[in-house]
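Okay, so here's the structure we're looking at.
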Amino acid sequence: MMNKFNFTKAKKIIIKLGSSIITNDGKGIDEVFLSNFASEISLLAKNMQVVIVSSGAIAAGLKKLGISRRPSELSELQAAAAVGQMYLIRSFEKEFSKVSMICAQVLLTHDDLSDRKRYLNARSTLYNLLEKNVIPIINENDTVSNEEIKFGDNDNLAALTANLLEADYLILLTDQDGLYSDDPRKNSNATLLSHISVNDKILDEVAKETTSSVGRGGMYTKISAARRASLSGTHTIIANGKNSKVISNLLNDSFSGTFIQSEERQLDARKKWLAGQLKSKGILIIDDGATNAIVNLGKSLLSVGINDVKGKFDRGDLVQCISSSGQEVAKGLINYSSSEVGKILGKPSDKMESLLGYVNESSVIHRNNLVVLKKGK
Ligand code: GLU
């Protein structure tokens, strides 16, 4: 295991704010917190792409509706979230604009991230926002989905987002200092686990300790989020969001909290993920120029390099790329259906709009969704 974590080298990070951090008990959105958080994020965003996953819609909605006790009925919670999401996002907009940052509201469900077509759509929208230096503020789309309301207060959604974007770090900000070897309220010898491997057996023990007492959130869902995030090579940090310097401390190496190290190399994780996808639905025969571009130069596959298409597939399906000498050189998730590819193959990307009437993406398979299998000729 590596001994230190090089946070300052990170390029893409996901920060998750739990309801206990973003809201003041019963008083709605904590604008003092958000104002400080916005300036902390503006420091990070100088060198990194930042995505925020924020809870707090239900808490804000309950406040607005004058409901003081959290209802147990899910539809009541979903209704509160629909009211509160507006106030949540309005507060983000207000505080982030003070530090000259633009935010975007993105509402997602778990299903959006497991359906490959919607997965690609979510991914390209988020990448597009990040390229424009916009900070996406993600929450679960509580009107149509209530998994996080039931279980996790967005911990899992944040981990899925880390997988989606292959983030370097997932930072879970909570009202605890991090993970302890035992419950610090019951055991005075409990110590803060400052640096552990995601495969460390102690995590099973810690998770067990908290399962019974926790319905939503808690350390159990944080550990499962860290495990899930590690599948895409993402490291997880659990830290106390009540500490107003929590983000700047990460940048100046005086961080305190728990660092859970993923042991997976990002590329391997990606290959495994693609390998685990359903069988290939089709074949693209690509020319030598395209083979060289994707195999040796790490480029995306463009329509101009495709000679032929075989099979019937849809956007988001897995297809194989075969070189002119018959060798399978790569496979990846395709941005266009087989009939669309039939219309654009051999043509330059700037002709796609006139041939199709629209453009999904300028590449046929983006290099992030492409796994090179063999050296081509
Ligand atoms: N999506 C929910 C929210 O933003 C998650 C938090 C919760 O369950 O309280 O309020």
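List of remarks:
- Criterion: assigned to a strand (DSSP E or B) and touching a Cys at 6+ places or on another chain (Cβ under 8 Å) - qualifying residue of 331, 310: 331
- Out of 361, 340, 353, sole residue that is acidic (Asp, Glu) and in a loop (DSSP other than H, G, I, E, B): 361
- Residues that are modelled with pLDDT under 90 and buried (at least 16 other Cβ atoms within 10 Å of the Cβ), drawn from region 20-48: 20, 28
- When region 49-67 is limited to residues that are hydrophobic (A, V, I, L, M, F, W, C) and surrounded by fewer than 20 Cβ atoms within 10 Å (Cβ to Cβ), the one that is nearest to residue 99 (Cα to Cα) turns out to be 65.
- Verdict on residue 80 being closer than 25 Å to residue 246 by Cβ, without any contact (Cβ under 8 Å) to a residue 40 or more places away in the chain and crowded, with 21+ Cβ neighbours inside 10 Å: no
- The helices (runs of 4 or more DSSP H) located wholly in region 1-103 that include 1 or more residues which are within 12 Å of the ligand (Cβ to nearest atom) occupy 19-22, 57-65, 74-98.
- Condition met for residue 139 (surrounded by 18 or more Cβ atoms within 10 Å (Cβ to Cβ), of a type in the set (S, T, N, Q) and more than 20 Å from residue 56 (Cα to Cα)): no
- Residue match in region 116-136 (condition: within 16 Å of the ligand (Cβ to nearest atom), within 11 Å of the chain's Cα centre (by Cα) and modelled with pLDDT of 90 or more): yes
- Every listed requirement among (1) at positive phi; (2) under 19 Å from the mean Cα position of the chain (by Cα) is met by residue 113 save one, (1).
- For residue 158, the conditions (1) modelled with pLDDT under 90; (2) part of a helix (DSSP H, G or I) all hold with the exception of (1).
The values are calculated or read from the model by the stated rules, or taken from the named source; none is laboratory data. In this text, all values refer to a predicted model and were calculated from it rather than measured experimentally. We place every Cβ from the backbone using ideal geometry, glycine too, and count neighbours over all the protein chains shown.
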